[in-house]
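Participant: Have a look at this one before I ask anything.
The values are calculated or read from the model by the stated rules, or taken from the named source; none is laboratory data. Computed from a prediction, not measured in an experiment: that's the story for all the values here. Positions of Cβ are backbone-derived with ideal geometry, glycine not excepted, and every protein chain shown enters the neighbour counts. Areas reflect the complete protein model, heavy atoms only, side chains present, ligands, DNA and RNA absent. Shrake-Rupley method; radii C 1.70, N 1.55, O 1.52, S 1.80 Å.
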Amino acid sequence: METMRDGFERQITYLRVSLTERCNLNCFYCRPGEGKVPERDGMLLNDLVKVIRAGARVGIRKVRLTGGEPLVRPDLAELVSALAAIPEIDDIALTTNGCLLSAQARALKEAGLKRVNISLDTLRPERFRAITRNGEWSRAWAGVEAALACDLHPVKLNMVMMRGINDDEVENFVGLAKDRPLHVRFIEIMPIGASSQWATDRLVPADQIRQAIADRYGPLKPVKPAGGDGPARCWTIPGFKGSVGFIAPLSDYYCPSCNRLRLTAAGTLRPCLCKGDEIDLAAALARGADEDELIRLIVQAIARKPQGHPEHEILPVKDRFMSQIGG
Ligand code: SAM
């Protein structure tokens, strides 16, 4: 079957999958806080494979495994190898906080994982403990080193920038890309879940960060968008092995090029991150849905994809936490 277009002529080729709501960290802007909200494990491996195989039949080519924390699932490598066996899926990526990665990177690479995005909001261990509500920075950094050592390239480091919390670390983050093939991406915080009430007050527009980097290092050279860059705009700095990038849902409106669907840990398909409209695949599977039925529901989700959020504004998203949707 051809790849599917939604009602706004966007080709939908990318599925982000939240494998579990559980996480070994508890970032204050992402999660409710330990014990505050019951947490679901994600869908069973066989059900995930069925859904993704059905998605592949209607044009899904890229899958990103996220959560919660995908590495807390004991069957992650098994899942990666099952997905790698679906011929239409040509890109399997992972978003992780990295803390459990050093023990698993090699097995994941061998199972067919292509690359990782590691979320790291600070380079200061004390601050890391505060942001993650007790995480150990050295474990996250060991994950970054393991990703580089196991060739999970390109290794991207995602830093959510928050005014007054970590916006004094731009230069140190950029410095990481000097001698290592690391791609540092600064992300604008969105008002979703735990941060829905205050994200706008903490927003640091991407342009401001880019200007600060150019002031320090000289003019940045744009990198031609590569497959897998998604909404990131990337730049090189002369003499650097890595790059810097910006993901700016608020100041650089990218809904018109959105190519994704999301599968939440609850087993629902969510056509848009910012809209609480979902189609329940888990319920359909529990009723015994076959592949044709799953395809019908996926096509429905694609048709229900809204145009996007208003330009330069995201209305607070309160129906789910980011860790449930899969950031
Ligand atoms: N545990 C994994 C990790 O830390 O990468 C995957 C799940 S986490 C929800 C995925 C990403 O969402 C992280 O990079 C996190 O920083 C980001 N995120 C969470 N809440 C966000 C928000 N309000 N705005 C922007 N990014 C957010």
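Participant: Go through 148, 122, 251 and say which Cα lies farthest out towards the positive end of the charge dipole of region 14-325; charges sit on Cβ, +1 for Lys and Arg, -1 for Asp and Glu.
Facilitator: 148
Participant: Using the Cα centre of the chain as the reference point, and only Cβ charges (+1 on K/R, -1 on D/E), how large is the resulting charge dipole? Debye, rounded to the nearest 20.
Facilitator: Dipole of the chain, to the nearest 20 debye: 320 debye.
Participant: Run the reach check for residue 36 against lysines, Cα to Cα strictly under 29 Å, same-chain hits fewer than 8 apart removed. What comes back?
Facilitator: Straight-distance partners of residue 36: 275, 318.
Participant: Related question: Where in region 1-26 does the label zone of residue 224 land, with the point 7 angstrom along Cα→C-beta and an amide N cut-off under 16 Å?
Facilitator: none
Participant: Continuing with this model, one more query. I'd like the carbon and sulfur percentage of the solvent accessible area for the chain, probe radius 1.4 Å, heavy atoms only, ligands and nucleic acids excluded.
Facilitator: 50
Participant: For helix 170-179, what angle does its Cα long axis make with the longest principal axis of the chain, in degrees from 0 to 90 and rounded to 10?
Facilitator: Relative to the chain, helix 170-179 is tipped by roughly 80 degrees.
Participant: List the pair-distance distribution P(r) of region 201-327, using every Cα-Cα distance, as the percent of pairs falling in each 10 Å bin from 0 up to the bin containing the longest distance, rounded to whole percents.
Facilitator: Answer for region 201-327: a P(r) of 11, 32, 29, 18, 8, 2 percent.
Participant: A follow-up question, please. With label points built 7 Å along Cα→Cβ from the Cα atoms of residue 319 and residue 134, find their separation and express it in nm.
Facilitator: Here the answer is 3.3 nm between the modelled labels.
Participant: Setting aside same-chain residues fewer than 8 positions from residue 156, which aspartates and glutamates have a Cα under 13 Å from its Cα?
Facilitator: Qualifying aspartates and glutamates at Cα under 13 Å: 121, 145, 229.
Participant: Could you tell me how many degrees, from 0 to 90 and to the nearest 10, lie between the Cα long axis of helix 206-217 and the main elongation axis, the longest principal axis, of the Cα atoms of the chain?
Facilitator: Between the helix axis and the principal axis of the chain, the angle is about 40 degrees.
Participant: Using only Cα atoms and rounding to the nearest 10 degrees, what angle (0 to 90) does helix 45-57 make with the longest principal axis of the chain?
Facilitator: 90
Participant: So how far apart, in nm, are the two label points at residue 201 and residue 44 if each is 7 Å from Cα heading toward Cβ?
Facilitator: Between residue 201 and residue 44, the label points sit 4.6 nm apart.
Participant: Could you work out the pair-distance distribution P(r) of region 1-99 from its alpha-carbon pairs, with 5 angstrom bin width and percents rounded to whole numbers?
Facilitator: 2, 12, 22, 21, 15, 12, 9, 5, 1
Participant: Would you work out which of 63, 38, 101 lies farthest towards the positive end of the dipole of the chain, given +1 charges on the beta-carbon of Lys and Arg and -1 on that of Asp and Glu, about the Cα centre?
Facilitator: 101
Participant: Name every cysteine in the chain that ends up alone, with no second cysteine's Cβ under 4.7 Å, or say none.
Facilitator: 23, 99, 150, 234, 255, 258, 272, 274
Participant: Same structure again: Tell me, what is the per residue accessible area of the chain in Å², probe radius 1.4 Å?
Facilitator: That works out to 43 Å² per residue.
Participant: So, one more: Would you work out the Kirkwood radius for the chain? I mean one over the mean of 1/r across all pairs of different Cα atoms, in Å.
Facilitator: So the Kirkwood estimate lands at 20.0 Å.
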